[in-house]
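Since the structure comes first, as structure tokens, the remarks are kept for the end.
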Amino acid sequence: MKIKKNFILREVAGTYLVVAVGDAVKDFNKAINLNSTGAFLWKQLQVDLTEEELIGKLLEEYEIDRETAKKDILGFIQRLREANLLE
Amino acid sequence: MPKYKIADIVFSATHLFPYVKKVCKDYLYEGEEPVETELNVTMEDVEFEKSLSKLTFPDEYFESLALYRKFLEYALFHDTIILHSSALAVDGDAFLFTAPSGTGKSTHAKLYREVLKDRVTTINDDKPVVRKVNGEFFVYGTPWDGKHRLSTNSKFKIKAICALKRGEKNQINKISKKQMLLVLLNQTLRPKKEEQVDKTFSLLGELLDSVSLYELHCNISEEAVLVSYGAMSKGE
């Protein structure tokens, strides 16, 4: 899975925000607020990764157990799906 | 071709309909400063505004909106953003009240005028612009001033921004930059190009660093003003 193009991640006042640019603005006019884990995962998903690969990336970055990583990632992916942000 | 000066930006504009010149009359400029840019609205721009609107208005109204959009696109790269809010000044200090439409920004501003009388200047009741000048943030009146047509062609330094919520009792407290950011994101124009997004975000970030930030729960009463102004004027 991979993030659609025309969405950008920015940090403002210590807050991670995702907004649409270009043609995507028409269908997506809100900003999504991410925590630091979310921002990390977002950056990874600029390239096509499987769920397993994404879990691996998160375990490399954060000192958490596999189960927590998987739970976090499933929650994150669900959020991306609901917002229709995955290709 | 008429010349205008809004937020200290001098521009010229040709009009499709006379209405726009009437709307902008307080901002007509006949001074010596050079024209920075031409903002000419076309019928295509009018059609674009129409396509964004859920409601039907005469074309002249959409021309006014199109000019507003063109102005903001130019002004952004001159450190200027719109904050959908009711902006007023008391004794020279500006306060911006922001909230989703229908919450009662205009009503709260009206109470300020009733209670604090001629100490209050109404800057703009709906769509003021905010500009960074030498590292400080100022709010300016614009001709786009909401259904009550309340604005003055004026400029004041911003002391505080206040997110307004309806409440049974009147209570005010400071909020974090992050909390205010999430409020303001819905109150500014969401640009299309990446460099416009970056410029908007960097201005918002700096603005949040340089003014006091509050959340006010209020009802419609004189006390609402005393609570609101009482805290914000002292910076408490």
What is the one condition in (1) without any contact (Cβ under 8 Å) to a residue 24 or more places away in the chain; (2) surrounded by 13 or more Cβ atoms within 10 Å (Cβ to Cβ) that A:W42 does not satisfy? (1)
Criterion: in the same structural domain as B:S210 (by TED's automatic domain parsing) and either among the charged types (D, E, K, R) or at negative phi (or both) - qualifying residue of B:F95, B:F71: B:F95
Inspect the stretch A:50-64 for any residue being in a loop (DSSP other than H, G, I, E, B) and within 14 Å of chain B (Cβ to nearest Cβ) and give the result as yes or no. no
Just name the residue that is farthest from the other protein chains (Cβ to nearest Cβ) out of those in the stretch A:9-32 that are within 14 Å of B:K193 (Cβ to Cβ) and touching an Asp or Glu at 6+ places or on another chain (Cβ under 9 Å). A:A20
So which residues in the stretch B:11-61 are of a type in the set (F, W, Y) and either touching a Leu at 6+ places or on another chain (Cβ under 6 Å) or at positive phi (or both), if there are any at all? B:F11
Here the residues within the stretch B:214-236 that are of a type in the set (S, T, Y) and over 23 Å from the mean Cα position of the chain (by Cα) are B:S221
Return the residue satisfying two criteria in turn: it lies in the stretch B:72-109 and is of a type in the set (V, I, T) and in contact with a helix residue (DSSP H, G or I) (Cβ under 8 Å, 6 or more places away or on another chain), and of such residues it is surrounded by the fewest Cβ atoms within 10 Å (Cβ to Cβ). B:V90
I'd like the full set of residues that are surrounded by fewer than 19 Cβ atoms within 10 Å (Cβ to Cβ) and among the β-branched types (V, I, T), limited to the stretch A:13-39. A:V25, A:I32, A:T37
Evaluate the stretch B:46-55: report whether one residue or more is basic (K, R) and touching a strand residue (DSSP E or B) at 6+ places or on another chain (Cβ under 7 Å). no
If we ask which residues in the stretch B:1-40 are surrounded by 18 or more Cβ atoms within 10 Å (Cβ to Cβ), without any contact (Cβ under 8 Å) to a residue 40 or more places away in the chain and β-branched (V, I, T), their number turns out to be 0
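The values are calculated or read from the model by the stated rules, or taken from the named source; none is laboratory data. Not measured: the values here are computed from a predicted model. Glycine gets a Cβ as well: all are built from the backbone with ideal geometry, and neighbour counts include every protein chain shown.
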